[in-house]
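Just below is one structure, and these are the notes that go with it.
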Amino acid sequence: MEFLQDAPRLPHPFHQDRLLKALIAQRVPPARRAALEADLIALGDYACMAYERRLASTPGEPVLTQWGPWGERIDRIELTQAWREGPELTTRHAVLAAGHDAEAGAHGRLEQFMRVYLYHLASEFYTCPLAMTDGAATALKAAGNKDIIARALPHFLSRESDRFWLSGQWMTETAGGSDVARTGTVARRDEQGQWRLYGRKWFTSAVVGEAALALARPEGAGEGTGGLALFYVETKDAQGRWRDLSIDRLKNKLGTRELPTAEIHLDGLPAEPVAGLDHGVRRVAPMLNVTRTWNAVCATASMARCLALASDYARRRQAFGRPLIEQPLHARTLADMQAEFEGAFALTFHVAELLGQVEHHTASPAQTQLLRLLTPLAKLWTGKLSVAIASETLECFGGAGYIEDTGLPQLLRDAQVYAIWEGTTNVLSLDTLRALSASSLDPLNEEIERLLTHHDDRTAAEAVRSALDRARAFIDDCGNDAARLQAGARGLAITLARCMAAALLAARAGESSDDRRPALALRCFLAHGLDRLTDIDTDTLALLD
Ligand code: MFK
């Protein structure tokens, strides 16, 4: 009989996740655990079902039909099955609403992001519009426009699918992806005094939303980001037809292919200023920081999926007379990936928890500054790491990792998006400098020192302190040389992210005396080094001449 290799099986994403279970045991109050775990088990069940369904069927993609049979413009988008299931599933399990639950208070964000972590891979990136809806709810609360809050939030935060609305985040234009100041969309008042938007948005992720927050320049306003305003729009009329907008086409993307990302034209779409007619970027920033946290959680979830499949396969696949897991170099490769993933998990959920504390005013001013710094760090580092881990995962399967109907190549294609959207690695590195200029390294240093007291491993403490000292020395050496600081910003940011992750792993190892794996993860993570600083003389950039 010809040999047939066993396919990898997906272990239950909740039952088999020791990191998530340990986090619940440490950070979630006992009285809240049963309800949370019921949702996590259900979302894990859904993930297992979706994994099997995906392998057993031809992958679906959204389809845009622009014209009806009699020539009318309809712009109808048919969604994939997971997207059609999204509203009911996510409202039932409060994937979004848990983060704003008054009863959960400061724990709400942590509990929410545990749900997101389990749901993301099965969702086919329905988490993208959920992230934007969450970000919109957060930005609207921060802006304090009572009318818009009363109108939108009961829909955005609904736990009933028939009331639930998705919100988009309309920023990117042909002239400006990172450089939002180049926004060309104009806001103009009509004769009745109603603001209306005119322009073209070039990357509207999940255009199917009922609402959106959009950046536009009020007619006659000044140049730059200061002259932009943030507007709230509703996209459909009472009959469910698009209001004054048209969908030009859906993007043909490398990955996230189930997600209907569109190019749209706004042709007088009614809009309401969220708060004033200027400083739109400042007002949308709370949204960006929330969606960047979602990005980090989803990148980490993608790493968890890669490791679950690669580890399972390593126990099924024999080579040279032994399972792969018993081959030292293969085991070492998996351990390296596992340690990096554990660092990413620790940092990401620390950010999630801190977000809840800041939003509920239980954080100190230093912790609020720390959150501002850690959010771009978590986003940029996990975004890059998820691509590296997905690539290594494909290699763990040999040739099978390169074959479409194993479902594995999609892991790599999809992972690439985490490093791009919501700000590329470089844009987030520069945002790190923006955060540091507002607060210095002190809040990070204090938090790291606090974490290091939980563990008596001097080697770990010295490694973290020494990398942090080098980061501080680099900033000091740069002085007023902004070009040198910017050129080294990515190395600086990744070093800071790794220092924080190592301190979190050290604290966890110190608290886990009955399980040696946290200490092993720490040792392995430290072996990869923390310092990623690359300080080159900016003259070296003449290399590109
Ligand atoms: C599955 C997971 C799903 C995740 C969701 C995926 C959705 C995908 C859809 C997209 O990708 S949408 C496109 C996302 N686009 C971006 O993220 C834009 C990237 N560009 C930036 O982030 C730039 O850094 C930015 C536009 C913010 C900078 O522009 P400027 O013109 O250089 O801004 P400036 O003047 O430095 O900042 C303006 C104000 O905003 C300042 O405040 P003040 O007015 O009070 O001085 C800044 O401090 C503030 N600000 C900027 N970034 C901030 C911030 N405040 C808080 N947090 C931040 N991150």
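Each reported figure results from applying straightforward, stated rules to the coordinates on display, with no laboratory input. Because the structure is a prediction, the values reported are computed rather than measured. Cβ atoms come from the backbone with ideal geometry, glycine included; neighbour counts cover every protein chain shown.
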> How large is the dipole of the chain about the Cα centre if only Lys and Arg carry +1 and Asp and Glu carry -1, each at its Cβ, rounded to the nearest 20 debye?
Replying inline: 420
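What ranking do Thr432, Thr382, Thr172 get, fewest neighbouring Cβ atoms within 10 angstrom at the top?
Ranking Thr432, Thr382, Thr172 by Cβ neighbours within 10 Å, fewest first, gives Thr172, Thr432, Thr382.
Let me know the shape class of the stretch 167-278, please: from the alpha-carbon gyration tensor, a ≥ b ≥ c as square roots of the eigenvalues, rounded when a/c is under 1.5, otherwise prolate if a/b is greater than b/c, or oblate.
On the way: a/c = 2.13, a/b = 1.25, b/c = 1.71.
Note, shape of the stretch 167-278 comes out oblate.
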> Can you work out ³J(HN,Hα) from phi for every residue in the stretch 184-191, in order, using Karplus 6.51 cos²θ - 1.76 cosθ + 1.60 and θ = phi - 60°, giving whole Hz and x for Gly and Pro?
Replying inline: x, 5, 10, 10, 9, 8, 8, 5
> Among Lys251/Lys379; Lys146/Lys253; Lys21/Lys384, which pairs are too far apart, with a Cα-Cα distance over 32 Å?
Replying inline: Lys146/Lys253
>> Could you give each residue of the stretch 198-204 its phi-based ³J(HN,Hα) in whole Hz, using Karplus coefficients 6.51, -1.76, 1.60 with θ = phi - 60°, and x for Gly or Pro?
In response: 10, x, 10, 9, 9, 9, 9
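For the stretch 440-544, what class follows from the C-alpha gyration tensor (a ≥ b ≥ c being the square roots of its eigenvalues): rounded when a/c is under 1.5, otherwise prolate if a/b is larger than b/c, else oblate?
Prolate shape, in that a/c is at least 1.5 and a/b is the bigger ratio.
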> Fewest first, what order do His93, His265 take by the number of other Cβ atoms within 10 Å?
Replying inline: His265, His93
> Given the C-alpha centroids of the stretch 1-61 and the stretch 386-407, what is the distance between them in whole angstrom?
Replying inline: 20
> Exposure proxy check: Glu342, Glu447 ranked by fewest other beta carbons within 10 Å?
Replying inline: Glu447, Glu342
> What Kirkwood radius, in Å to one decimal, follows from the Cα pairs of the chain?
Replying inline: 24.4
> What net charge is computed for the residues neighbouring Ser513, neighbours being all others with C-beta under 15 Å from the C-beta of Ser513, Lys and Arg scored +1, Asp and Glu -1?
Replying inline: -2
> What number, rounded to the nearest 500 deg cm²/dmol, is the helix-based mean residue ellipticity at 222 nm of the chain, given -39500 (n - 2.57) per DSSP H run of at least four residues and division by all its residues?
Replying inline: -17500 deg cm²/dmol
> With the dipole of the stretch 167-262 worked out from charges on the C-beta (+1 for Lys and Arg, -1 for Asp and Glu) around the Cα centre, which of Gly220, Ser205, Ala187 lies farthest toward the positive end?
Replying inline: Ser205
> About the Cα centre of the stretch 440-544, what is the dipole size in debye to 20, counting +1 per Lys and Arg Cβ and -1 per Asp and Glu Cβ, all else neutral?
Replying inline: 420
> Rounded, prolate or oblate: which fits the stretch 38-112, taking a ≥ b ≥ c as square roots of the Cα gyration tensor eigenvalues, rounded meaning a/c under 1.5, else prolate when a/b beats b/c?
Replying inline: oblate
> So what are the ³J(HN,Hα) numbers for the stretch 532-545, from phi and the Karplus equation (6.51, -1.76, 1.60; θ = phi - 60°), rounded to whole Hz, Gly and Pro as x?
Replying inline: 10, 5, 9, 9, 10, 4, 5, 4, 4, 5, 5, 3, 7, 5
> Percent relative contact order of the chain, based on C-alpha pairs within less than 8 angstrom and at least six residues apart?
Replying inline: 13
> Given Cα pairs under 8 Å that are at least 6 residues apart, what percent is the relative contact order of the stretch 387-431?
Replying inline: 29
> Taking K and R as +1 and D and E as -1, what net charge do the other residues with C-beta under 13 Å from the C-beta of Leu288 add up to?
Replying inline: +3
> Could you state the number of Å between the C-alpha centres of the stretch 465-513 and the stretch 346-371?
Replying inline: 19
> Which listed residue (Leu266, Leu277, Gln66) has the Cα farthest towards the positive end of the charge dipole for the chain, taking +1 on Lys and Arg C-beta and -1 on Asp and Glu C-beta about the Cα centre?
Replying inline: Gln66
>> Under 8 Å for C-alpha pairs, at least 6 residues apart: give me the relative contact order for the stretch 200-243, rounded to a whole percent.
In response: 36
>> For a quick check of your reading of the filter: which trypsin sites (Lys or Arg not before Pro) in the stretch 459-521 sit in a DSSP loop and have no more than 12 other Cβ atoms within 10 Å?
In response: Arg516
> Of Ala139, Leu153, Thr425, which is farthest on the positive side of the dipole of the chain, counting Cα position, with +1 on Lys and Arg Cβ, -1 on Asp and Glu Cβ, and the Cα centre as origin?
Replying inline: Leu153
